[in-house]
Amino acid sequence: MAVPYRRKSRAQSRAHRAANLKYSPTRFTSCKHCGEPKRPHYACGSCGAYNGRQVRERVEY
Ligand SMILES: [Zn+2]
């Protein structure tokens, strides 16, 4: 098994990580119930629907 010739410096590994670890922005999907943008896997923020049914009261946040 190949072994690294020299340990990478902390700055090197951090720079590499920063260059390669792009975090993805929070994506939004539209609510099937009211069409408002909502976060996936979350109940809709404006109508409280999830998977075609009402799961929560209308809460503004
Ligand atoms: Zn909705």
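The values are calculated or read from the model by the stated rules, or taken from the named source; none is laboratory data. Only a predicted model underlies this, so the values are computations on that prediction, with no experimental measurement involved. FYI the Cβ positions are ideal-geometry reconstructions off the backbone, even for glycines, and counts take in every protein chain you see. All accessible areas refer to the heavy atoms of the entire protein, side chains included, with ligands and DNA or RNA removed. Shrake-Rupley method; radii C 1.70, N 1.55, O 1.52, S 1.80 Å.
Under a 1.4 angstrom probe, counting protein chains only, how are Tyr50, Tyr42, Tyr5 ranked by accessible area, largest first?
The residues order as Tyr5, Tyr42, Tyr50, largest area first.
Considering only protein heavy atoms and a probe of 1.4 Å, how much of the accessible area of the chain is carbon and sulfur, as a whole percent?
53
Kindly write out, for the stretch 29-43 in residue order, the coupling ³J(HN,Hα) from the Karplus curve 6.51 cos²θ - 1.76 cosθ + 1.60 (θ = phi - 60°), rounded to whole Hz, with x marking Gly and Pro.
Once rounded to whole Hz, the list reads 10, 9, 5, 6, 7, 10, x, 6, x, 9, 7, x, 6, 10, 5.
Tell me the net charge near Arg17. Cut-off is 12 Å between Cβ atoms, Arg17 excluded, with +1 for each Lys or Arg and -1 for each Asp or Glu.
Net of charged neighbours comes to +4.
Just name one of Val3, Ala15, Gly52: the one whose Cα is farthest towards the positive end of the charge dipole of the chain (beta-carbon charges, Lys/Arg +1, Asp/Glu -1).
Result: Val3.
In the neighborhood of Thr26, defined by Cβ-to-Cβ distances under 13 Å, what is the net charge if each Lys or Arg adds +1 and each Asp or Glu adds -1? Don't skip to the answer; put the middle values down first.
Values: positive: Arg27, Lys38, Arg39; negative: none.
So the environment of Thr26 carries a net charge of +3.
For q values of 0.13, 0.19, 0.21, 0.28 Å⁻¹, compute log₁₀ I(q)/I(0) with the Debye formula on a Cα-only model of the chain, without solvent.
Debye curve over Cα of the chain, log10 I(q)/I(0) at q = 0.13, 0.19, 0.21, 0.28 Å⁻¹: -0.54, -0.72, -0.81, -1.10.
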